[in-house]
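Reading through the structure tokens given below for one structure.
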Amino acid sequence: MTTSLFSATLFYATAQIFMPMANASEVALEKSSISNCESVTLVRKNVGNAYKGSVTNDDYSMSLVIPKGLIGWGGVAEDAPFHGFTIFLEKADSSSACIVFDIHVRVNAEDKPVRLHSSHRIKIKNISGWQSINRIITKGEDIVVITTALSYTKAGDMIDSEITMIVPKLKYTEKKVIYDTFISSFKISATR
């Protein structure tokens, strides 16, 4: 199964307690393993392929733009297949705020992104998907997790992508602007 580590962790975590909040759900999680970026991705800053500016991948017929001044880190060798990257949003503390971009070909139905109960439908250009915004209180931290899942077909294959931001609640408004800019740049080419 190629479901991302983040999806599996967030699904476990959000299966707990939901409390309504404006435009989001508040999830109180004392036992959650989600606490920062390091808890959901093995990618580290300055490790692996570095992505800047416009990123295009013909295998997935997609392109997107990394916001100016930021770098996406692949965390793998240059010759490894492309499956996304992580953008660290803080210069001093790379574990506190990040955007994790994950993309892969769906091998079977179990690889489909896990749709959270708190999600709503979203459309970015010609791609449909869903988005959830959750506030998680865990290990003494108050964080917000946004997940946008987009799926589309390419040459008979289903392509799934998840774009997730993890950010301390105090920096949510500032970092959400970056996240929205990033996801709105996602495009698929006409030659699918």
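The values are calculated or read from the model by the stated rules, or taken from the named source; none is laboratory data. Only a predicted model underlies this, so the values are computations on that prediction, with no experimental measurement involved. FYI the Cβ positions are ideal-geometry reconstructions off the backbone, even for glycines, and counts take in every protein chain you see. Quick note on the areas: whole protein, heavy atoms, side chains included, nothing else; ligands and nucleic acids left out. Shrake-Rupley method; radii C 1.70, N 1.55, O 1.52, S 1.80 Å.
Points worth noting:
- Cα gyration tensor shape for segment 41-192, rounded if a/c is under 1.5, else prolate or oblate: oblate
- Global form of segment 58-118, assessed from the alpha-carbon gyration tensor, a/c cut-off 1.5: oblate
- Among the trypsin sites (Lys or Arg not before Pro) found in segment 144-174, not one is both in a DSSP coil and sparsely packed, with 15 or fewer other Cβ atoms within 10 Å of its Cβ.
- Under 15 Å from the Cα of Lys125 - aspartates and glutamates, other chains or at least 8 residues apart: Asp180
- Set of lysines near Lys169 by C-alpha distance (under 27 Å), chain-local residues within fewer than 8 positions excluded: Lys31, Lys45, Lys52, Lys68, Lys91, Lys123, Lys139
- In this simple spin-label model, placing a label point 7 Å from the Cα along the Cα-to-Cβ direction at both Leu70 and Val107 gives a separation of 3.0 nm.
- Taken along the Cα-to-beta-carbon direction at a fixed 7 Å, the label points for Lys139 and Asp157 span 3.4 nm.
- R0 of 22 Å, Cβ-Cβ distance Asp93-Asn49: FRET efficiency to nearest 0.05: 0.50
- Rounded to the nearest 20 debye, the dipole size of segment 62-192 about its Cα centre is 580 debye, using +1 on the Cβ of Lys and Arg and -1 on the Cβ of Asp and Glu.
- The residues His83, His117, His104, sorted by heavy-atom accessible surface at 1.4 Å with ligands and nucleic acids left out, run His117, His83, His104 from largest to smallest.
- Ordering of 37-46, 140-149 by packing is 140-149, 37-46, highest average first (other Cβ atoms within 10 Å, averaged per residue).
- Normalised contact order of segment 36-104, rounded percent, pairs of Cα under 8 Å and 6 or more residues apart: 32
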